[in-house]
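Read through the structure below, which is laid out as C-alpha cells, and then see the notes.
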C-alpha cells in the first residue's frame with residue numbers, strides 16, 4: 001500500500017490539524033486524502049470550519065472552543081476504523097481543456113523541448129497525449145496542480161523565477177504539471193495557455209474541476225485560442241466533460 005500504514009496527526013497552530021497519509025505524490029495517497037475529506041464534509045462535527053486537501057495530507061481547520069482536538073481526533077479515527085479509504089467518494093469526471101501551444105502562448109516551450117532533447121512538435125505530441133490527474137488547488141486561487149506528466153517531459157524547475165505567467169498558463173516543472181489561473185512569477189515553464197477560466201468567483205461553483213478528476217489538453221491554434229478566449233470572457237465554460 002502506498003503511503004503510511006497509519007496516518008500522522010500534526011498540529012498546525014492551535015486551530016488546525018494536518019492529517020498526513022504519505023510523503024510522495026501518489027494517486028493512492030491522494031485518494032485516501034480525498035475520501036477522508038468527503039467523509040468529514042458529509043458529516044461535519046460542530047466546530048469544523050474548513051477542510052483543505054493537498055497531494056498527501058488533509059488540513060482540517062476547527063474552532064477549538066467548540067470542537068476540541070481530542071474530539072476531532074475521535075471523529076477521524078472512527079472514520080478510519082470503518083475501513084480503508086481506498087476508493088473515491090464519487091466517480092471522477094474527465095475533462096478536455098483547449099490549449100494553445102503556439103507562440104506566444106507556449107512562450108517557454110522551445111526552451112523546455114531543447115532541454116529535454118525533443119523537437120517542439122514532439123513535445124506537444126507527448127504533452128497533449130497524456131491524461132492528467134487534478135491533485136489539489138493551492139499557492140494562489142485556482143492554481144490546479146496535476147500529476148501524470150510523462151517522464152519524457154520531467155524537467156527541474158528554474159533556479160530563479162521567471163516573469164509573471166499569463167492568465168491560463170499551462171506549466172511543467174519538477175516532474176509535475178499545473179494550470180495557473182492568474183499571473184504570478186514562477187520557476188515553472190509555460191508550455192501553453194488555455195482560454196478556460198478554471199477559477200471564477202462569479203461562477204457557481206467557482207472551481208468546476210475537482211481534485212481527483214482527470215483532464216486532457218486539446219491543442220488549438222492561435223486564432224482559435226483568441227476566439228475561445230473571447231467566449232470565456234463572457235462566462236462560457238469551454239472545457240468538455242466526457243460523457244456529458
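Filtered by the rule that a residue be in contact (Cβ under 8 Å) with a residue 60 or more places away in the chain and either surrounded by 20 or more Cβ atoms within 10 Å (Cβ to Cβ) or not assigned by TED's automatic domain parsing to the domain that holds residue 220 (or both), region 143-154 gives 144, 145, 146.
Counting only strands (runs of 3 or more DSSP E) wholly contained in region 111-228, the ones carrying 3 or more residues that are under 19 Å from residue 92 (Cβ atoms) occupy 132-137, 144-147, 176-180, 214-220.
For the subset of region 220-244 comprising residues that are crowded, with 16+ Cβ neighbours inside 10 Å and touching a strand residue (DSSP E or B) at 6+ places or on another chain (Cβ under 7 Å), which member is nearest to residue 137 (Cα to Cα)? Within region 220-244, the match that is nearest to residue 137 (Cα to Cα) is 239. The set of residues from region 2-20 being in contact (Cβ under 8 Å) with a residue 40 or more places away in the chain and either within 23 Å of the chain's Cα centre (by Cα) or outside any loop (DSSP other than H, G, I, E, B) (or both) comprises 3, 7, 9, 11, 12, 16, 17, 18, 19.
For region 27-83, filtering for residues that are assigned to a loop (DSSP other than H, G, I, E, B) and either under 30 Å from residue 142 (Cα atoms) or touching a residue at least 24 places away in the same chain (Cβ under 8 Å) (or both) leaves 11.
Checking each residue in region 176-201 for being within 23 Å of residue 118 (Cβ to Cβ) and touching a residue at least 60 places away in the same chain (Cβ under 8 Å) picks out 176, 179, 189, 190, 191, 192, 193, 194. Does at least one position in region 13-24 carry a residue that is at pLDDT below 95, under 21 Å from residue 135 (Cα atoms) and in contact with a strand residue (DSSP E or B) (Cβ under 6 Å, 6 or more places away or on another chain)? No: region 13-24 contains no residue that is at pLDDT below 95, under 21 Å from residue 135 (Cα atoms) and in contact with a strand residue (DSSP E or B) (Cβ under 6 Å, 6 or more places away or on another chain). Specify which of the listed residues (216, 157, 203, 133) is in the same structural domain as residue 104 (by TED's automatic domain parsing), modelled with pLDDT under 95 and buried (at least 17 other Cβ atoms within 10 Å of the Cβ). After ruling out the rest, the residue left standing is 157. Within region 81-112, the residues that satisfy the criterion of being in contact with a helix residue (DSSP H, G or I) (Cβ under 8 Å, 6 or more places away or on another chain), modelled with pLDDT under 95 and surrounded by 15 or more Cβ atoms within 10 Å (Cβ to Cβ) are 85, 88, 89.
The values are calculated or read from the model by the stated rules, or taken from the named source; none is laboratory data. All values derive from a computational prediction rather than experimental measurement. We place every Cβ from the backbone using ideal geometry, glycine too, and count neighbours over all the protein chains shown.
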